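Colleague: Take this structure first; my questions come after.
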Amino acid sequence: MRKLLILIYVSCVNISAIGQDLNFSQFYELPLLRNPALAGIFNGDIRVQSVYRDQWRSVTVPFRTGAVSCELKFPVANTYNHFTASIQTTYDVAGDSKLSRLQILPVLSYHHNLNGEDGAYLS
């Protein structure tokens with residue numbers, strides 16, 4: 001009975017501990033990774049972002065993560081509404097094992113203006 005309770009406890013702890021990416025914890029620097037509905041919510045017509053992180057320098061081969069994203073706005077008629085096409089690419093390399101991951105995340109979104117000015121949108 002005791003072994004069964006320990007097994008149940010360990011499986012519950014493992015399930016609740018998978019909420020953050022082990023290699024890249026600054027998700028707030030990448031709006032498309034945080035929430036794809038944020039694509040196109042910026043001033044201007046084009047946004048290009050890049051992020052690089054080199055962490056755990058005390059180990060023999062540090063963990064490296066890089067990301068690049070690009071967003072393009074396309075206006076709809078003569079309104080404040082717009083359509084956005086975006087792509088984000090993330091690349092991780094994990095230490096000595098050279099375990100790597102490449103993610104290519106396309107995003108298409110439509111933003112409908114709610115108040116007739118640049119301000120409140122339904123995405």
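The values are calculated or read from the model by the stated rules, or taken from the named source; none is laboratory data. Not measured: the values here are computed from a predicted model. Glycine gets a Cβ as well: all are built from the backbone with ideal geometry, and neighbour counts include every protein chain shown. Calculation scope for accessible area: heavy atoms of the full protein, side chains included, ligands and nucleic acids excluded. Shrake-Rupley method; radii C 1.70, N 1.55, O 1.52, S 1.80 Å.
Colleague: In segment 50-123, what percent of the accessible surface is made up of carbon and sulfur (1.4 Å probe, ligands and nucleic acids excluded)?
Modeller: Exposed carbon and sulfur together represent 61 percent of the surface.
Colleague: Moving on. Give the long-range amide H neighbours of Asn81: residues separated by 5 or more places, or on another chain, with amide H under 5 Å away, using H modelled in the peptide plane at 1.01 Å from N.
Modeller: So Asn81 has HN proximity to Val76, Asn113.
Colleague: Moving on. How would Ser58, Ser69 line up by accessible area, probe 1.4 Å, largest first?
Modeller: Ser58, Ser69
Colleague: Next up: So how much accessible area does Leu114 have, in Å² to the nearest 10, using a 1.4 Å probe?
Modeller: 110
Colleague: At most 16 other Cβ atoms within 10 Å and a DSSP loop assignment: could you name the GluC sites (Glu not before Pro) in segment 26-123 that fit?
Modeller: Glu117
Colleague: DSSP loop chymotrypsin sites (Phe, Trp or Tyr not before Pro) in segment 50-105 with at most 13 other Cβ atoms within 10 Å of their Cβ, which ones?
Modeller: Trp56
Colleague: Taking every pair of Cα atoms in segment 60-123, average 1/r, invert it to obtain the Kirkwood radius, and report Rg/Rh to two decimals.
Modeller: Value, to two decimals: 1.27.
Colleague: Find how much the distance from Phe42 to Leu122 grows on full extension, using 0.36 nm per residue of separation minus their present alpha carbon separation; answer in nm with one decimal.
Modeller: Stretched out fully, the Phe42 to Leu122 stretch lengthens by 27.4 nm.
Colleague: Right, another one. Using +1 on the beta carbon of Lys and Arg, -1 on that of Asp and Glu, and nothing else charged, what's the dipole of segment 35-123 about the Cα centre, debye to 20?
Modeller: For segment 35-123, the charge dipole is close to 360 debye.
Colleague: Report the accessible area of Val76, computed with a 1.4 Å probe over the heavy atoms of all protein chains in place, in Å² rounded to the nearest 10.
Modeller: Approximately 50 Å² for this residue.
Colleague: Separate question: Can you give the accessible area per residue of segment 49-101, in Å², using a 1.4 Å probe?
Modeller: Ligands and nucleic acids excluded, the result is 60 Å² per residue.
Colleague: For Lys3, Lys98, Lys73, give the ranking by accessible area with the largest first, probe 1.4 Å.
Modeller: Greatest to least solvent exposure: Lys3, Lys98, Lys73.
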